[in-house]
1. Checking the structure you have, find out if any residue of region 361-372 is more than 25 Å from LEU98 (Cβ to Cβ), crowded, with 21+ Cβ neighbours inside 10 Å, of a type outside the set (Val, Ile, Thr) and in the same structural domain as GLU274 (by TED's automatic domain parsing).
2. Grab the helices (runs of 4 or more DSSP H) fully contained in region 1-71, keeping just those with 1 or more residues being surrounded by 14 or more Cβ atoms within 10 Å (Cβ to Cβ), in the same structural domain as ASP189 (by TED's automatic domain parsing) and among the acidic types (Asp, Glu).
3. For region 1-46, give me each residue that is out of contact with any strand residue (DSSP E or B) (no Cβ under 7 Å at 6 or more places or on another chain) and among the small types (Gly, Ala, Ser).
4. Output the residues belonging to region 225-255 that are in contact (Cβ under 8 Å) with a residue 12 or more places away in the chain, surrounded by fewer than 17 Cβ atoms within 10 Å (Cβ to Cβ) and either within 17 Å of VAL56 (Cα to Cα) or out of contact with any helix residue (DSSP H, G or I) (no Cβ under 7 Å at 6 or more places or on another chain) (or both).
5. Of all the residues that make up region 76-102, how many are acidic (Asp, Glu) and buried (at least 20 other Cβ atoms within 10 Å of the Cβ)?
6. Taking the criterion of being in contact with a Cys (Cβ under 9 Å, 6 or more places away or on another chain) and of a type outside the set (A, V, I, L, M, F, W, C), would at least one residue in region 336-347 satisfy it?
7. Which of the numbered conditions does ALA224 fail, given that it passes all the others? Conditions: (1) at pLDDT 90 or above; (2) hydrophobic (A, V, I, L, M, F, W, C); (3) in contact with a Lys or Arg (Cβ under 7 Å, 6 or more places away or on another chain); (4) assigned by TED's automatic domain parsing to the domain that holds ALA45.
8. Yes or no: LEU198 over 13 Å from the mean Cα position of the chain (by Cα) and either more than 17 Å from ALA255 (Cβ to Cβ) or surrounded by 24 or more Cβ atoms within 10 Å (Cβ to Cβ) (or both)?
Amino acid sequence: MNYPIYLDYAATTPVDERVLNEMLPYFTEHFGNSSSRFHAFGWKAEEAVTKARAQVADLLGASPKEITFTGGATESINLAIKGVAEAASGAKNHIISLKTEHKAVLDTLKNLEKKGFEVTYLEVEPDGLLNIEKLKSAIRPETLMISVMWVNNETGVIQDIRKIGELARQNDVLFHTDATQGIGKLKTDINELGADLLSFSGHKIYGPKGVGVLYVRNNIKLIAQQDGGGHERSRRSGTLNITGIVGLGMACELAGAATEQESEKMGRFKSDFEDFLLQRFDFCKINGAEQSRIPGISNVCFKGFDGEELLMKMNQIAISNGSACNSASVDPSHVLKAMGLSDDDAYSSLRFSFGRFTTEQDLSDLKKHVEETLLEIKG
């Protein structure tokens, strides 16, 4: 099969070869269960988990004891939000979030609403950013938690979670952030960010799928969402995915060493591509805040075009029309709609995302292919 140029890194990333090499021995040679306490196979597996936990903690500037391994960001989000809500035992029953959150957050909150929790879904500005004053006004005495994603997965818009964290602390409110698109791309210091709970996934940072992290600040109570052997400090029962955890640990180590260099490259590619489109075609518009978007994600509205037709005709590049988790939906992007785009403009928008293995030649081919496709459709 002749694969297209991969420009959908926001959906998933390939496993870095260095990550894969670290994982391979744990499939066949060091295959033990880390809960097996009485022989060398179990000890070796436990040693690997301990190392990976330290690698993740180092990337976040956290303590290894604050790291919980999960099956991915969606599970981490569910554990964070539902776990804290259940631990509150009704003392506080109000949660604040954004209309532009990932469905893993929005659907989890809908579940809690059915159980009697009240949720305020804040609007964002047309550039996708949260107005901090609106957040401040939404906080009540019964507010338990604020959940705001660090970087939007469709537009790349970066929220000022430091300010959100400060506001949460001032009001004795817990703060959770879905950091899936920020980890490995932005400098991460959990104490500077001010989050009490932070979730992310391995497969967005060149690690394997099926493994994720929930950071839980010390002394925060949450109720486990699955019962069993009391693994992960009784937060998440189940035999640990040793190979996945080893890969995630290595991916975090590599991310810590490469964040600045990779961000510079991806930012350059994004700017080059967007400048090309805006100078060449007056119907192109970039969705999202100009000065507060992550390097690597470019969400473009091709006004007047059918986004699905564009996706079909741009068959030499692998891109998307939004979150991979919503690909089966025929509705326009809830993120773009919340930013004020019409249905037509939302349907006309495509997401291009660059990554570690994107090359200068890929960028050149991308511009050429997009230009040829647009001119062909326009006739």
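1. Yes - at least one qualifying residue is present in region 361-372.
2. Qualifying helices (runs of 4 or more DSSP H): 17-23, 40-60.
3. GLY32, SER34, SER35, SER36, ALA40, GLY42, ALA45, listed by residue number.
4. The answer is GLN226, GLY229, ARG233, THR239.
5. 1
6. yes
7. Checking ALA224 against (1) at pLDDT 90 or above; (2) hydrophobic (A, V, I, L, M, F, W, C); (3) in contact with a Lys or Arg (Cβ under 7 Å, 6 or more places away or on another chain); (4) assigned by TED's automatic domain parsing to the domain that holds ALA45, the one that fails is (1).
8. No.
The values are calculated or read from the model by the stated rules, or taken from the named source; none is laboratory data. Computed from a prediction, not measured in an experiment: that's the story for all the values here. Virtual Cβ from ideal backbone geometry, glycine too; neighbours counted across all protein chains shown.
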